[in-house]
1. Could you run the Karplus curve 6.51 cos²θ - 1.76 cosθ + 1.60 with θ = phi - 60° over the range 89-106 and give me ³J(HN,Hα) per residue in whole Hz, x for Gly and Pro?
2. Enter the accessible area per residue of the range 1-121 (Å², integer; probe 1.4 Å; all protein chains in place).
3. Hey, what do the phi angles of the range 31-48 turn into as Karplus ³J(HN,Hα) couplings, whole Hz, using 6.51/-1.76/1.60 and θ = phi - 60°, x for Gly and Pro?
4. What is the spin-label model distance, in nm, from LEU119 to LYS135 if the labels are put 7 Å beyond Cα along the C-beta direction?
5. Enter the accessible area of LYS120 (Å², nearest 10), with the probe set to 1.4 Å and all protein chains included.
6. Per Stokes-Einstein, at 25 °C and 0.890 mPa s, what whole-number D in µm² s⁻¹ belongs to the range 71-133, with the Kirkwood radius over Cα pairs as the hydrodynamic radius?
7. Once you have a ≥ b ≥ c as the square roots of the Cα gyration tensor eigenvalues for the range 1-126, tell me rounded if a/c is under 1.5, and otherwise prolate or oblate according to whether a/b is larger than b/c.
8. Please list, in chain and number order, the residues 5+ apart from ILE6 or on another chain whose amide H is under 5 Å from its amide H, with Hs placed from the backbone.
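The values are calculated or read from the model by the stated rules, or taken from the named source; none is laboratory data. Bear in mind that the values here come from a model prediction, so they are computed numbers and not experimental data. FYI the Cβ positions are ideal-geometry reconstructions off the backbone, even for glycines, and counts take in every protein chain you see. All accessible areas refer to the heavy atoms of the entire protein, side chains included, with ligands and DNA or RNA removed. Shrake-Rupley method; radii C 1.70, N 1.55, O 1.52, S 1.80 Å.
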Amino acid sequence: MSLILIIEDENSIRLNLQEFLELVDFSVITAVNGKIGLQLAKNRHPDLIICDIMMPELSGYEVLTELRGDPNLADIPFIFLTAKAERYDFRQSMGLGADDYITKPFQPHEILEAVNSRLKRHSISNQAYLQESQKLEILEQEIKKNRSELQDCQQLAQMRGSLLDKVSQDLRNPLSNINMAICMLKQVDNEKDREKYLLILQEECKREIEILNEISSLQELLTDENAKLLRTYKLLGKL
């Protein structure tokens, strides 16, 4: 049940309007002046406010200005109910942020139509805001996920680059020994020295094969799927 706040200093209008709105299934609270009405709005946060303009303590204009300046109350639908029927008064009211403007004397159906219309529009606006908020939340989650995946890719790229640098260095030593052994083989004359340098060639070739096998194993480890597992156990940055 929607809660409506009526701010009106004329007792008969306030009481009659309260009775009418309660008959059509609204919950109603009332205030006899703008100051009390503003405090009720802050305490009860009504779904809609119907307010006179010319009142003691605070005018309707002042009440509306206070409401629109409060982030917690700024979106409450606000209807002016007043004897001020000049075009200037209407434009001033709408300029301050009023949602509707009904002049006295009024018919009950005018009030009901205005109330239902503003509550419906406010409900649609809230639903649209909720949908946009949900879309924004999903988008933020996607951005966070993509940022995490990008970070993993960057770390993997750095690791692969470090691996290539290390492999390049590891391969240079055996290759240097192989080149040296080949050069010496060309120069030696006796069988004993030839056997010595052939043994060096065999050992260094074996080292090269072992290094290449290590590269293959590391390449299988450094996949995108394994990166997720490594990140789960906080091991990605340690490799």
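1. These are the phi-based 3J(HN,Hα) values: 5, 4, 5, 5, 4, 5, x, 7, x, 5, 8, 7, 8, 10, 9, 8, x, 10 Hz.
2. Roughly 52 Å² per residue, with all protein chains present.
3. 9, 8, 7, x, 5, 5, x, 5, 5, 4, 4, 5, 7, 9, 6, x, 7, 7
4. In this crude spin-label approximation the distance works out to 2.8 nm.
5. Solvent-accessible area, nearest 10 Å²: 130 Å².
6. D, rounded to a whole number, is 189 µm²/s.
7. Taking the square roots of the gyration eigenvalues as a ≥ b ≥ c, the range 1-126 is rounded.
8. Close amide H contacts, sequence-distant or interchain: ILE29, THR30, ALA31, ILE50.
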